[in-house]
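One structure is given here, and the rest of the page talks about it.
FYI, it's all coordinate maths here, none of it is from the lab. No experiment lies behind these values; they were computed from the predicted model shown. Here the Cβ positions follow ideal geometry from the backbone for every residue, glycine too, while neighbour counts run over all protein chains shown.
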Number of protein chains: 2
Amino acid sequence: MIVHSVFFRLNHEAGTEAERMFLSKIAELSNIPGVENFQTLKEVSPKNSFSFGLSMEFSNQEAYDSYTAHPDHVRFVQEVWMQEVAEFQEIDYIQYHPQIQP
Amino acid sequence: MIVHSVFFRLNHEAGTEAERMFLSKIAELSNIPGVENFQTLKEVSPKNSFSFGLSMEFSNQEAYDSYTAHPDHVRFVQEVWMQEVAEFQEIDYIQYHPQIQP
């Protein structure tokens, strides 16, 4: 299971309708095949400049790659994400098991 | 429920005994009262420079603050973390519910 997470700050002011609309659109990514346990997150640490996040899980790399290449994802990135996101950080992870890794 | 996560890169080379020892020591943080669902993570995205992470959950801010101030945590940060971690990013989050938050 691979967790894909992205933390971000929007161009919109906090509490605006534009912010609410963006977060509504982002939730539609959860409909893309292979996406499991989709969550929209509110970032609450003062130790970074992000205000929101999203996380989702993929059962394997093939499902992740299929999501990345899916037309709905590509369109969202081009038409929504790149217009409305001021900065972001992607972080992907799996559970660490000392027996079988590093 | 607040998720506290930290992603980091060590001063140690990958696969070394020093790396393994650090990851063993970090797991002891899970014994501090209030820490729930502690996980050590392997960061796998090429889109950042971190190699590992940890995440834990707190039922409320009071539990989080108690963890931060706990002597075992303070000692770990001073004697292990500050010596062995090259860079890190803290990210904390809660689930976003559009009904009750912007």
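Things to note:
- Filtering segment B:30-51 for residues that are more than 10 Å from chain A (Cβ to nearest Cβ), in a helix (DSSP H, G or I) and either over 30 Å from A:ASP65 (Cβ atoms) or not aliphatic (A, V, I, L, M) (or both) leaves a non-empty set.
- Some residue of segment B:73-87 being assigned to a strand (DSSP E or B), of a type in the set (D, E, K, R) and in contact with a strand residue (DSSP E or B) (Cβ under 7 Å, 6 or more places away or on another chain): yes
- B:MET82 meets all of the listed conditions (1) more than 11 Å from chain A (Cβ to nearest Cβ); (2) touching a helix residue (DSSP H, G or I) at 6+ places or on another chain (Cβ under 9 Å) but one, namely (2).
- Matching residues in segment B:52-102 - criterion: being farther than 16 Å from A:GLU43 by Cβ, surrounded by fewer than 16 Cβ atoms within 10 Å (Cβ to Cβ), among the acidic types (Asp, Glu) and within 15 Å of the chain's Cα centre (by Cα): B:ASP65, B:ASP72, B:GLU87
- Among the residues of segment A:52-72, those identified as part of a strand (DSSP E or B), touching a helix residue (DSSP H, G or I) at 6+ places or on another chain (Cβ under 9 Å) and within 12 Å of chain B (Cβ to nearest Cβ) are A:PHE52, A:LEU54, A:PHE58.
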